[in-house]
Amino acid sequence: EVKRFRVPEFNITGLTISRDGKYIAYGMASRNKNVLKVINVINGEVILNFSEPFERDEDKDGSFQYGECSCCFLNGVNHLAFSAEGEVFIFDLIRKEKIAKVNVEDFVRVLGTDSLGNLITYCNRSVIVWDSKSLKKIRFIDCGGRILSPDLSLLAREVGMAVDLLETSPGKVIREFRSRFNFPWVGNLQKQFVLASHPQKPILVSAGPDGI
């Protein structure tokens, strides 16, 4: 362990570090607000503190689901994207303010970037690539997923006890990788895999109950 930061938030669902290693950004979606903070790794100073009210509906039994948010750095370290529900906010870290807002019209699960630095929103029903400067759609993939190949031709997603590999056009499943363990379809065991990929090479890594 190199360094540890104590933070008051406990339900962090978005976390990223800048390419130069100087900044850590994290996001949280609680019952009544969305929070984004950026920390200077050298001295622990919070250089950006964004909070926005957001009321989440209660379930029938009176409980509620915490929201999901994600964040990633764009164009080096000066711009940061933060997703909450179906919206993405762009922040300028030099000016320390929100400079743009994108209405994705789908529930955003994960944010990422392609090899050119363009923003990618991985959503429930779609994957969208946005131009990093104009924030206009430059690619729309009509199926949900978690990882795009560097050439944007393949898409991977976790589906229960399997990982699907799809062609982005026309969204056809071409390969399925299944867990060797047969767990019941209940609770947290519904999600068996976490996915990661190489930024330049077509290499996919999955972590599941049967190993990596």
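Quick notes
- Condition met for Val41 (farther than 30 Å from Ile141 by Cβ, at pLDDT 85 or above and open to solvent by 50 Å² or more (accessible area, probe 1.4 Å)): no
One line per residue, one yes/no per condition, for (1) within 24 Å of Tyr122 (Cα to Cα); (2) modelled with pLDDT of 85 or more:
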site: Val2; (1), (2): no, no
site: Arg6; (1), (2): no, no
site: Gly21; (1), (2): no, yes
site: Gly27; (1), (2): yes, yes
site: Glu55; (1), (2): yes, no
site: Asp61; (1), (2): no, no
site: Gln65; (1), (2): yes, no
site: Gly76; (1), (2): yes, no
site: Phe89; (1), (2): yes, yes
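- Restricting attention to segment 8-38, the residues that are open to solvent by 30 Å² or more (accessible area, probe 1.4 Å) and part of a strand (DSSP E or B) total 7.
- Filtered residues of segment 72-84 (kept if buried (at least 16 other Cβ atoms within 10 Å of the Cβ) and assigned to a loop (DSSP other than H, G, I, E, B)): Val77
- Contact map, segment 1-26: first residue under 19 Å from Val110 (Cβ atoms), second residue surrounded by fewer than 18 Cβ atoms within 10 Å (Cβ to Cβ) and among the aromatic types (Phe, Trp, Tyr), Cβ cut-off under 9 Å, separation 6 or more or different chains; pairs are Asn11/Tyr66; Thr13/Tyr66; Ile24/Phe5.
- Test: residue in segment 98-113 that is out of contact with any Ser or Thr (no Cβ under 8 Å at 6 or more places or on another chain), within 13 Å of Gly145 (Cα to Cα), crowded, with 19+ Cβ neighbours inside 10 Å and without any contact (Cβ under 8 Å) to a residue 40 or more places away in the chain: no
- Within segment 122-132, being among the small types (Gly, Ala, Ser) and open to solvent by 10 Å² or more (accessible area, probe 1.4 Å) holds for one residue alone: Ser132.
- Qualifying positions in segment 135-154 - at pLDDT 90 or above and not β-branched (Val, Ile, Thr): Leu135, Lys136, Lys137, Arg139, Phe140
- Whichever residue in segment 87-97 is open to solvent by 20 Å² or more (accessible area, probe 1.4 Å) and without any contact (Cβ under 8 Å) to a residue 40 or more places away in the chain and, among such residues, is nearest to Cys69 (Cα to Cα): Glu87
- Lone qualifier among Leu135, Leu166, Leu155, Leu119 - being open to solvent by 10 Å² or more (accessible area, probe 1.4 Å) and touching a residue at least 12 places away in the same chain (Cβ under 8 Å): Leu135
- One residue from Ile128, Ile90, Ile99 being assigned to a strand (DSSP E or B), of a type in the set (A, V, I, L, M, F, W, C) and closer than 23 Å to Ile12 by Cα: Ile90
The values are calculated or read from the model by the stated rules, or taken from the named source; none is laboratory data. Remember, it's a predicted structure, so these values are computed and weren't measured experimentally. Note: ideal-geometry Cβ built from the backbone for every residue, glycine included; neighbour counts use all protein chains shown. Note: accessible area is taken over every heavy atom of the protein model, side chains too, but ligands, DNA and RNA are not part of it. Shrake-Rupley method; radii C 1.70, N 1.55, O 1.52, S 1.80 Å.
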